[in-house]
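Visitor: Just dropping this structure here.
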Amino acid sequence: MKIDVLLGLQWGDEGKGKIVDFIGKKYDTIARFQGGPNAGHTIYIKKKKHVLHTIPSGIFNKKVKNVIGNGVVIDPVTLLMELTKLKEIGVNYKENLFISRKAHLIIPTHKHLDAASEITKGKKKIGSTLRGIGPTYMDKTGRNGLRIGDLEMDNFEEKFYNLTKKHKTILKYYKYDLDIKKDIEIWFDAVQKIKEITFIDSEYFFYKELQNKKRILAEGAQGVLLDVDFGTYPFVTSSNTIAAGACNGLGIPPHKIKNVIGIFKAYCTRVGNGPFPTELNDETGSLMAEKGKEFGSTTGRARRCGWVDLPALKYAIQINGVTELSMMKADVLSGFKEIKVCVGYEYMGKSISHLPYDLDHKSLQPKYITLNGWDEDISNTNSIEKIPENFKNYIHFLEKELKTPISIVSVGPHRSQTLFR
């Protein structure tokens, strides 16, 4: 038995949560392998909206085990808020939620370090969610971090206050005022409550699951173009969002990965700063944002909108070995007379069809082709055969260019608004 990986192919917010929830019933275990509470996976169940930041999107399925992997960074306060909301709607997470002992903890001062760093960057800030993600990963690589397993050790509080003291020293350099006594009290209260969840050595857990022929889905957060190595650096997240990240984020060998499911929007969005070649700073972009309700599920920030970018999608498919695609939010494009697709760039005096090193270069200009749009509302369509001809043409064009099958088309946020090809 092997592991499937599901990830976003753009700058995040592609709709991964819906697809994980939808296909989750095929799996025995669903696991988050990177990121932290900067993620926001939105799921609609019986027309009610649920947003998950740390917990895998299979938590609403009683028969599925959900694992927060070692590659995830965890804020106990945020996690407790999620658990409380799940409890309120009758989800018994104690039976099917597990946390890797090697997952790192976000402590109160991490958030302040995040904020201080962004303030000093001024106009060059990267658009951090200010959740303390970056500083936590820095402590991880700097070998200073606290992990879930430390909560079981006698010297945990000593480790916590030593790290807090170090952070306060750094914050003095930023001339950053700090009063975190109340924050620490809230944090320790949350820590006591999340101890109710089962902690596991996830590398052994997944080994046994595979030995017992269990079906596993690794759920990515953010998007490929935010990968710390292969994204639009430095405007990226602090972890590896690509399929290979599932190996070191869960403790599984590379040869155990089978299918890689890539999720992308029928258009493109980005939250925060950073290059976005196909961004539309006009009425068309505003209409996309309005129709798509493009506001971040974690930060509430408005998302920038633009046409789909084929060089970027091809790049994401290539470095992840994507085997099938899911196209999301296609219903948002209904009513546009013309739909443009970026097929390449003019870059430093040359025509190119690949993603260049500097996507923010002043000379970079997208090259478009134009397809006919469709007027019909497709949000209530229940069969792929019934969709408008121009929409079929759009799907076929993308599929041909990307050389990867589009197996799922989403035409709305609810489970029922999903079409299979």
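The values are calculated or read from the model by the stated rules, or taken from the named source; none is laboratory data. Note that this is a predicted model, so its numbers are computed, not measured. Cβ placement follows ideal geometry from the backbone for every residue including glycine, while neighbour counts extend to all protein chains displayed.
Visitor: Can you tell me which residue in segment 370-382 is surrounded by the most Cβ atoms within 10 Å (Cβ to Cβ), limited to those that are modelled with pLDDT of 90 or more and polar (S, T, N, Q)?
Guide: The extreme case among them is 381.
Visitor: If a residue counts only when it is over 17 Å from the mean Cα position of the chain (by Cα) and crowded, with 24+ Cβ neighbours inside 10 Å, which strands (runs of 3 or more DSSP E) contained entirely in segment 21-115 have at least 2 such residues?
Guide: 97-100
Visitor: Moving to a separate point now. Restricting attention to segment 224-239, which residues are closer than 27 Å to residue 23 by Cβ and touching a helix residue (DSSP H, G or I) at 6+ places or on another chain (Cβ under 8 Å)?
Guide: 224, 225, 227, 230, 231, 237, 239
Visitor: Note down all Cβ pairs under 8 Å where the first residue falls in segment 353-380 and is aliphatic (A, V, I, L, M), the second is loosely packed, with under 12 Cβ neighbours inside 10 Å and modelled with pLDDT of 95 or more, and they're at least six residues apart or on different chains.
Guide: 371/338
Visitor: Residue 261 passes all but one of (1) within 18 Å of the chain's Cα centre (by Cα); (2) modelled with pLDDT under 95; which number fails?
Guide: (2)
Visitor: Might you let me know whether segment 243-257 holds any residue that is more than 22 Å from residue 325 (Cβ to Cβ), surrounded by 18 or more Cβ atoms within 10 Å (Cβ to Cβ), among the hydrophobic types (A, V, I, L, M, F, W, C) and within 13 Å of the chain's Cα centre (by Cα)?
Guide: No, that holds for no residue.
Visitor: A follow-up question, please. Evaluate segment 308-319: report whether one residue or more is over 30 Å from residue 132 (Cβ atoms), in contact with a Leu (Cβ under 6 Å, 6 or more places away or on another chain) and either acidic (Asp, Glu) or in a strand (DSSP E or B) (or both).
Guide: No, because not a single residue in segment 308-319 is over 30 Å from residue 132 (Cβ atoms), in contact with a Leu (Cβ under 6 Å, 6 or more places away or on another chain) and either acidic (Asp, Glu) or in a strand (DSSP E or B) (or both).
Visitor: So which residues in segment 58-102 are of a type in the set (Val, Ile, Thr) and under 25 Å from residue 134 (Cβ atoms), if there are any at all?
Guide: Selection gives 67, 68, 72, 73, 74, 77, 78, 99.
Visitor: Restricting the first residue to segment 249-271 and requiring it to be over 30 Å from residue 288 (Cβ atoms), which pairs with a second residue that is surrounded by fewer than 22 Cβ atoms within 10 Å (Cβ to Cβ) and of a type in the set (Val, Ile, Thr) meet a Cβ separation below 7 Å and a spacing of at least six or different chains?
Guide: So the pair list comes out as 259/323.
Visitor: Name the one entry in 313, 280 that is closer than 12 Å to residue 11 by Cα and among the aliphatic types (A, V, I, L, M).
Guide: After applying the criteria, what remains is 313.
Visitor: Within the set of pairs 6 or more residues apart or between chains, which connect a residue that is over 15 Å from residue 73 (Cβ atoms) inside segment 220-231 to a residue that is of a type outside the set (A, V, I, L, M, F, W, C) and not in a loop (DSSP other than H, G, I, E, B) with Cβ atoms less than 6 Å apart?
Guide: The qualifying pairs are 223/8.
Visitor: Of everything in segment 7-20 that's of a type in the set (A, V, I, L, M) and within 10 Å of the chain's Cα centre (by Cα), which residue is nearest to residue 64 (Cα to Cα)?
Guide: My answer is 7.
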